[in-house]
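Reviewing the structure listed below.
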Amino acid sequence: MIKTVDLEKIFVGRGQTVRAVDGITTHIKQGEVVVVIGPSGSGKSTYLRCLNGLETLTGGHVHVDGIDLANRKTDMNKIRREVGMVFQQFNLFPHKTVLENLVLAQMKVRKRKRIDAEKKARELLEKVGIAEKETNYPSQLSGGQQQRVAIARALAMDPKVMLFDEPTSALDPEMVGEVLEVMKQLAREGMTMVVVTHEMGFAREVADRVLFMDYGKLVEEGTPEHFFIEPQEERAKLFLRQVL
Amino acid sequence: MNTKNWLWWLLTILVLLGIVLGLWVATKRIDYTWRWNRVPQYFFYQDKDVKKTVIDGTVTKIEQKGKTSIITVHNSDNEDNVFIVDTETVNLDVDDYLMEDDTVGAILDWKAGPLVTGLWVTLWISALASIIGLVIGVVTGLCRVSKNLTLRQLSITYIELIRGTPLLVQLFIFYFFLGTVLDIGRLASGIFALAIFAGAYVAEIIRAGIQSIPKGQMEAARSLGMNVPQAMIYIILPQAFKRTLPPLAGQFISLIKDSSLVSVIAITDLTKSGREVITSTFAVFEIWFVVAFLYLILTFSLSQVVAWVERRLAVSD
Ligand SMILES: Nc1ncnc2c1ncn2[C@@H]1O[C@H](COP(=O)(O)OP(=O)(O)OP(=O)(O)O)[C@@H](O)[C@H]1O
Ligand SMILES: [Mg+2]
């Protein structure tokens with residue numbers, strides 16, 4: 001589904017060079033749920049953003065469904081509509097109602113008719129449990145509700161993969177559960193997912209595979225059982241001791 | 001607190017009255033005679049189109065049809081001349097004898113005076129310049145934040161040139177230089193000068209507006225597969241527009257006021273009309289007060305419209 005080969009992203013700014021992603025090779029298979037964890041600043045977000053071309057690569061390759069994002073001829077917009085993304089800060093469109101948030105890209109990008117787009121939007125709102133809020137504006141929703149709308153908005157494009165960048169980090173603790181529940185349901189339905197999160201419970205319960213990153217490098221990789229119970233690398237052990 | 005407010009209200013009114021009284025006393029001391037009664041005719045006046053006979057003749061028929069009368073005069077050449085005039089101006093009976101050049105009647109017509117036509121000119125010049133200025137400003141603002149270095153540099157050059165020179169000088173350059181070289185009239189010169197002046201300020205407002213939208217909005221739009229123009233049109237610009245509405249309104253209100261400068265290139269706007277009226281009435285104080293008041297009506301109406309639009313847009317807050 002998504003393959004990265006020696007993926008590299010270097011930020012240069014104010015005389016500093018940051019190797020945010022430093023040679024990562026991974027293969028995310030169809031239907032797999034991959035959880036990415038690691039200390040702050042280890043390059044998890046940057047890695048994720050490379051997967052849908054929000055960051056231009058410094059080196060290496062990202063293949064989405066066999067298409068290379070590093071190739072200049074690749075139409076990024078075509079790739080992005082197949083790769084849904086959910087952000088820490090929700091990033092809903094504040095000037096549009098909940099329903100319009102879900103309808104807009106369907107019509108403009110997928111060229112769906114309004115009737116079809118609204119039907120799809122309502123189904124998804126139903127699914128994430130906020131059907132009654134379709135005429136509200138994002139500012140009138142709680143954080144948890146906003147994030148569920150954001151997930152529904154990404155799903156409305158019928159993506160083949162969903163990327164989540166710390167989807168629960170900006171939420172009040174009592175709202176984390178409702179968002180994780182939606183994500184678990186997606187995972188059960190067989191959605192391919194790459195999730196950056198600090199929710200170790202979620203990783204244990206749902207992940208097929210855990211990637212541990214530090215200083216832009218993929219340090220350790222394995223099933224949750226393997227990773228949480230007998231990690232091999234010193235840095236992974238240290239990290240787990242801090243978060244668990 | 002509310003109970004005490006009326007005292008402050010009273011104070012405000014007293015202070016304002018005091019100022020007006022002071023001005024009135026001041027004009028008394030220089031022996032200025034106020035002639036407010038001369039002012040209304042420069043808003044609207046009754047035009048009298050007088051109909052006269054060309055050769056002698058006798059009135060043979062007066063036919064009244066509502067407010068107009070049809071008068072037939074049989075002249076000495078044995079022909080019938082028919083006049084259509086307003087009834088109230090007719091002072092004739094059948095068989096009256098009319099000499100050459102005698103008045104039969106007149107057609108009365110209310111016409112807009114110079115203050116109204118001037119106000120109208122100011123209004124549409126400002127409106128047109130605002131629209132063109134908005135287009136120029138949005139395009140320049142987009143260039144200003146574009147990735148292309150040349151576009152950025154060109155837009156900065158334009159903005160700095162316009163903001164660094166006085167509008168009056170720009171008007172002269174447009175009128176005397178560009179007007180001559182490109183062979184465009186004074187009206188076009190004036191409108192374009194105003195539009196390009198406003199455009200530079202609008203561009204900066206638009207740039208600030210676009211940059212004030214969180215980066216996540218563009219990223220969310222792009223990650224849904226929208227291309228940059230789509231993201232701009234549907235996501236960024238509508239939000240930026242809402243945020244920039246108050247400063248944009250301020251800019252267009254300035255434009256209405258600045259448009260008074262076009263009077264120096266002999267466009268008969270409100271200001272120039274005012275000057276012309278003064279040369280025939282000598283009611284200097286009255287006319288300038290009236291002109292100021294008319295500008296105030298324009299700017300106040302615009303700010304009311306904008307406030308209304310703002311309230312409409314505030315539903316998503
Ligand atoms: N646009 C940018 N310009 C310059 N440096 C950046 C940029 N984005 C990220 N970085 C740097 O790249 C490194 C990796 O950042 P990244 O956001 O990917 O980390 P992260 O693992 O997601 O951290 P966190 O858990 O805090 O979200 C950091 O050192 C960060 O400062
Ligand atoms: Mg991050």
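Read-outs: derived from the displayed coordinates by stated rules, not from any lab. None of these values were measured; they are calculated from a predicted model. When we count neighbours, we look across all protein chains shown, and the Cβ atoms used for this are built from the backbone with ideal geometry, even at glycine.
Given only helices, namely DSSP H runs of n ≥ 4 each adding -39500 (n - 2.57), what is the per-residue ellipticity at 222 nm of chain A, to the nearest 500 deg cm²/dmol? Display every interim value, and only then the final one.
Details: 9 runs with 91 residues, N = 244.
Calculated mean residue ellipticity at 222 nm is -11000 deg cm²/dmol.
Could you give the nm distance between label points at residue B:23 and residue A:5, where each point is 7 Å from its Cα heading toward the beta carbon?
Roughly 8.1 nm, to one decimal.
Using a Gaussian network model on chain A with a 10 Å cutoff between Cα atoms, which of A:13, A:190, A:23 fluctuates the most?
Among A:13, A:190, A:23, the largest GNM mean-square fluctuation belongs to A:13.
Could you pull out the trypsin sites (Lys or Arg not before Pro) across the range B:12-52 that fall in loop regions by DSSP (anything but H, G, I, E, B) with no more than 14 other Cβ atoms inside 10 Å?
B:35
Amide H to amide H, which residues 5 or more places from residue A:209 or on other chains are under 5 Å from it, using H placed in the peptide plane?
A:33, A:35
Find me the longest stretch of chain B that has none of the exposed chymotrypsin sites (Phe, Trp or Tyr not before Pro), where exposed means in a DSSP loop (not H, G, I, E or B) with at most 15 other Cβ atoms within 10 Å.
The reported range is B:44-281.
Using a Gaussian network model on chain B with a 10 Å cutoff between Cα atoms, which of B:265, B:132, B:233 fluctuates the most?
B:233
For chain B, set up a Gaussian network in which alpha carbons nearer than 10 Å are linked by springs, and say which option among B:281, B:103, B:268 fluctuates the most.
For chain B, modelled as a Gaussian network with Cα springs under 10 Å, the answer is B:103.
Suppose R0 equals 60 Å; then what is the FRET efficiency for residue B:33 and residue A:63 from their Cβ-Cβ distance, rounded to the nearest 0.05?
Once rounded, the FRET efficiency stands at 0.10.
Among the DSSP beta bridges whose two residues both lie in the protein assembly as shown, what percent are antiparallel, rounded to the nearest 5? Spell out each step's value before the answer.
Numbers: 48 of 65 bridges.
In the protein assembly as shown, DSSP labels about 75 percent of beta bridges as antiparallel.
What ³J(HN,Hα) values, in whole Hz, does the Karplus curve 6.51 cos²θ - 1.76 cosθ + 1.60 give for the range A:101-113 when θ = phi - 60°, with x put for Gly and Pro?
Karplus-based 3J(HN,Hα) across the range A:101-113 equals 4, 7, 7, 3, 5, 4, 6, 7, 9, 7, 6, 7, 6 Hz.
Between residue B:131 and residue B:43, 0.36 nm times their residue separation minus their Cα-Cα distance comes to what? Display every interim value, and only then the final one.
Working: separation 88, 0.36 × 88 = 31.68 nm, distance 2.77 nm.
Taking residue B:131 through residue B:43 to full extension adds about 28.9 nm, to one decimal.
Can you spot the aspartates and glutamates whose alpha carbon is less than 20 Å from residue A:237's alpha carbon? Ignore those fewer than 8 places along the same chain.
A:199, A:205, A:208, A:214, A:220, A:221, A:225
What list of ³J(HN,Hα) values in whole Hz, one per residue of the range B:72-82 in order, does the Karplus curve 6.51 cos²θ - 1.76 cosθ + 1.60 (θ = phi - 60°) give from phi, with Gly and Pro shown as x?
Working through the residues one at a time gives 9, 10, 8, 9, 6, 8, 6, 10, 9, 9, 10 Hz.
Pull up all non-local amide H partners of residue A:214: gap of 5 or more, or a different chain, and H-to-H distance under 5 Å with H placed in the peptide plane.
Result for residue A:214 returns A:219.
Compute the distance from the alpha-carbon center of the range B:68-147 to that of the range A:7-28, in whole Å.
The range B:68-147 and the range A:7-28 have Cα centres spaced 75 Å from each other.
If you split all Cα-Cα distances of the protein assembly as shown into 10 Å bins from zero, what percentages do you get per bin, shortest first?
3, 12, 16, 15, 13, 12, 10, 8, 5, 3, 2, 1, 0
I'd like the distance separating the alpha-carbon centroids of the range A:67-88 and the range A:146-172, in whole Å.
If we compute the Cα centre of each part, the gap is 16 Å.
Report the percentage of all Cα-Cα pairs in chain A whose separation exceeds 29 Å, rounded to a whole percent.
30 percent
Quote to one decimal, in nm, the extra length available between residue B:293 and residue B:187 on full extension: 0.36 nm per residue of separation minus the C-alpha distance between them.
Stretched out fully, the residue B:293 to residue B:187 stretch lengthens by 35.7 nm.
Just to check I understand the Karplus step: with θ = phi - 60° and J = 6.51 cos²θ - 1.76 cosθ + 1.60, what whole-Hz values come out for the range B:185-197, glycine and proline as x?
Once rounded to whole Hz, the list reads x, 5, 4, 4, 4, x, 5, 5, 4, 5, 5, 6, 4.
In nm, to one decimal, how far is the residue B:95 label point from the residue B:312 one, both placed 7 Å along Cα→Cβ?
6.9 nm
Can you spot the lysines whose alpha carbon is less than 24 Å from residue A:73's alpha carbon? Ignore those fewer than 8 places along the same chain.
A:3, A:9, A:108, A:111, A:160, B:147
Round to a whole angstrom and tell me the spacing of the C-alpha centers of the range B:23-50 and the range B:173-208.
The distance from the Cα centre of the range B:23-50 to that of the range B:173-208 comes to 36 Å.
Using only DSSP helix segments of four residues or longer, with each worth -39500 (n - 2.57), what per-residue ellipticity at 222 nm results for chain B after dividing by its residue count and rounding to 500?
For chain B, the value works out to -19500 deg cm²/dmol.
According to a simple spin-label model (label point 7 Å from Cα along Cα-to-Cβ), what is the distance in nm between residue A:142 and residue B:77?
Taking the two extended label points, one gets 9.7 nm.
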